[in-house]
Amino acid sequence: MSHHKSTFTVISTDRHGGVSHAPYRSLNLSYGVNDDAAFVTENRNRIKTQYSINYLLSARQVHGDSIFIAREHLNKDTEIEACDALMTNLPGIGLMIQQADCQAVTLFDPDHPAIAAIHCGWKGSVLNILAKTVHRMTDCYGSSPATLQATISPSLGPCCAEFVNYATELPPSFLAFQVKENYFNFWQISKMQLIEAGLDGNKIIIAGQCTSCSLDHFSYRRACRNGNGQTGRCATVISL
């Protein structure tokens, strides 16, 4: 994707093309799931090489609403503690979200070149981490929400997003997105939250691929259905 004022790259990986062994076969990009760290490093290096990214900035994701702003160039891959959204206006840094059913939402400002990457599971949706990140881009970079371009990655679809405790876990505003008993369309919840934060609905791209249904993706829900929940993590990466 490109724009006359600035160019950005956004990619969402599948589980293929890496070196990890089962149950992480093969392109596991997370150090936090008990995979061999050397395999994860090789997998991350393959992503950087394939997409010409200098360094990856990632986080130990905790389903909170903390936002980290990268204000200095990196000289190595960096993973920070306890954070779920990343922002920068520096080129060459790949902001990476790790996922195995949660959404990765990316934001790009073509007018004041800047990007954000957000890890958004249901807890992030309840906290409205999307709106908080949009507002932070406005504060930091002067971004106008209406000009932002957003993507919603492959993630848990309405077909598989079952929440039996939704009455206590989800706010009443989410009930409009209940597609059948206990099932919700979180892709549309995220789109609603982005539009309410000022984005143009026509500038929001939803991948529409359910990770639980697709054997090409790592899925925590599927791994729990079939065993102990041990699986790898795909990633979504955005860079200027």
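The values are calculated or read from the model by the stated rules, or taken from the named source; none is laboratory data. Just so it is clear, the model here is predicted, and its values are computed rather than measured. With ideal geometry, Cβ positions are generated from the backbone for all residues, glycine too; neighbour counts draw on all protein chains shown.
Observations, loosely collected:
- Strands (runs of 3 or more DSSP E) completely within the stretch 58-137 that count 1 or more residues being among the aromatic types (Phe, Trp, Tyr) and within 16 Å of Leu194 (Cα to Cα): 103-109
- The single residue among Ser190, Ser143 that is touching a Leu at 6+ places or on another chain (Cβ under 9 Å), assigned to a loop (DSSP other than H, G, I, E, B) and among the small types (Gly, Ala, Ser) turns out to be Ser143.
- Residues satisfying the stated conditions in the stretch 80-100, i.e. surrounded by 16 or more Cβ atoms within 10 Å (Cβ to Cβ), more than 16 Å from Lys132 (Cα to Cα) and of a type outside the set (Val, Ile, Thr): Asn89, Leu90, Gly94, Leu95, Met96, Gln98, Gln99, Ala100
- Within the stretch 24-44, tally of residues that are surrounded by fewer than 21 Cβ atoms within 10 Å (Cβ to Cβ), within 19 Å of the chain's Cα centre (by Cα) and without any contact (Cβ under 8 Å) to a residue 24 or more places away in the chain: 0
- Some residue of the stretch 5-17 being basic (Lys, Arg) and closer than 16 Å to Ala235 by Cα: yes
- Residue in the stretch 208-219 that is farther than 17 Å from Ser12 by Cβ, out of contact with any Phe, Trp or Tyr (no Cβ under 9 Å at 6 or more places or on another chain) and among the acidic types (Asp, Glu) present: no
- When Thr41, Thr78 are checked against the criterion of being modelled with pLDDT of 95 or more, over 16 Å from Ser239 (Cβ atoms) and of a type in the set (Val, Ile, Thr), a single residue qualifies: Thr41.
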